[in-house]
Amino acid sequence: MHLKYISSTRIFSSRFTKIFLLFCACAFIGSSIGKIVSHNTARQTAASAQSSNWGLSFQEEGKRPVGNATIEELAQYNAFFAEDTEEKKIYLTFDAGFENGNTPAILDALKKHQAPATFFVVGNFISENKDLIKRMETEGHIVGNHTMTHPDMSKISTKESFQKELSDVEKIYREITGKEMTKFYRPPQGIYSEKNLQMAKELGYHTFFWSLAYVDWKQDDQPTHEQAFDKLLTRVHPGAVVLLHNTSKTNGEILDELLTKWEEMGYTFHPLSELCGA
């Protein structure tokens, strides 16, 4: 009986030890998994908030460049930089930060070629150039949102502040035209984050980057006509979203000829609403 008692005790002790060790192992694994999940979640959150500058790599003449993100990656945020097509289509866009006398010539050239465009306007432009805004709207162009104060939007962390940058421009447009603004958005300076793109989507906006642009914004160092044509004619491609600045003296001078040259290459002009299906 005594031996049986000792044997039973040892068996119980051995089983208890095994159960205890198993419990400890499970607790350790659970803790480790929790840390991994928490770490991965933190990394994903940090990645979504990380800012990027939109950039392009032109690898072959006449072909769509490689962007920071692919067409498919941007699509999940209702964002675009070009159309995936072999059809010779161009989407004209202008960033309008202020007015220095070149916009009327740009509008004249667009009207002559019956070319629709989207003007992404900043708060001071829309508030100080009501007649130009009315003309854009009357002549069939889209007035898009380039924010009220042109900040680095990737540094705006709250949806409320992000929305205010857009809604303030919407309000002025409504006061001028009596209509609701088309919800097309272009991030100032092309700086963005995945978090910002998601915010814009939740606010009902389509975000537009570009697949063709050149250095035309430096007021004291404007490109020559030849330099502009060299960039804009060799890098154009089917489905291009072209970014030009309304403040460029060169753009105002060459746009009529530029549109003619693109037409001679077989290109036609289309509104951004066609690209995004809005």
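The values are calculated or read from the model by the stated rules, or taken from the named source; none is laboratory data. Please read all numbers here as calculations on a predicted model, not as lab measurements. Note that we place each Cβ from the backbone using ideal geometry, even for glycine, and neighbour counts take in every protein chain shown.
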Out of curiosity, is ALA200 at pLDDT 95 or above and over 23 Å from SER161 (Cα atoms)? no
Of the residues GLY123, GLY178, only one is small (Gly, Ala, Ser), at pLDDT 95 or above, touching an Asp or Glu at 6+ places or on another chain (Cβ under 9 Å) and more than 21 Å from PHE269 (Cβ to Cβ); which? GLY123
Which listed residue is touching an Asp or Glu at 6+ places or on another chain (Cβ under 9 Å), over 21 Å from TRP54 (Cβ atoms) and charged (D, E, K, R), from LYS134, LYS111, LYS171: LYS111
Might you check whether a residue that is touching a residue at least 40 places away in the same chain (Cβ under 8 Å) and more than 23 Å from the chain's Cα centre (by Cα) occurs anywhere in the range 88-100? yes
Check whether at least one residue in the range 84-93 is more than 24 Å from GLY266 (Cα to Cα), in a loop (DSSP other than H, G, I, E, B) and of a type in the set (Val, Ile, Thr), and report yes or no. no
Could you please tell me which pairs satisfy a Cβ distance under 7 Å, a separation of 6+ or placement on different chains, a first residue in the range 165-192 that is at positive phi, and a second residue that is not acidic (Asp, Glu)? GLY190/ASN53; GLY190/TRP54; GLY190/PHE209
Out of all the residues in the range 136-145, is one or more out of contact with any strand residue (DSSP E or B) (no Cβ under 8 Å at 6 or more places or on another chain), more than 25 Å from GLU257 (Cβ to Cβ) and either crowded, with 16+ Cβ neighbours inside 10 Å or not assigned by TED's automatic domain parsing to the domain that holds LYS231 (or both)? no
So which helices (runs of 4 or more DSSP H) stay within the range 215-278 end to end and still have 1 or more residues that are more than 23 Å from GLY190 (Cα to Cα)? 225-234, 249-264
Cβ contacts < 8 Å: first residue under 23 Å from GLY239 (Cβ atoms), restricted to the range 207-221; second residue part of a loop (DSSP other than H, G, I, E, B) and of a type in the set (A, V, I, L, M), any location; separation 6+ or different chain. Result? LEU212/VAL236
Failed condition for MET153, given (1) among the aliphatic types (A, V, I, L, M); (2) more than 23 Å from PRO271 (Cα to Cα); (3) in contact with a Lys or Arg (Cβ under 9 Å, 6 or more places away or on another chain), with all others met? (3)
Residue within the range 247-269 that is surrounded by fewer than 22 Cβ atoms within 10 Å (Cβ to Cβ) and touching a Phe, Trp or Tyr at 6+ places or on another chain (Cβ under 6 Å) present: no
Residue under evaluation ARG186, criteria (1) under 18 Å from ALA278 (Cβ atoms); (2) surrounded by fewer than 19 Cβ atoms within 10 Å (Cβ to Cβ); (3) within 14 Å of the chain's Cα centre (by Cα), criterion not met: (2)
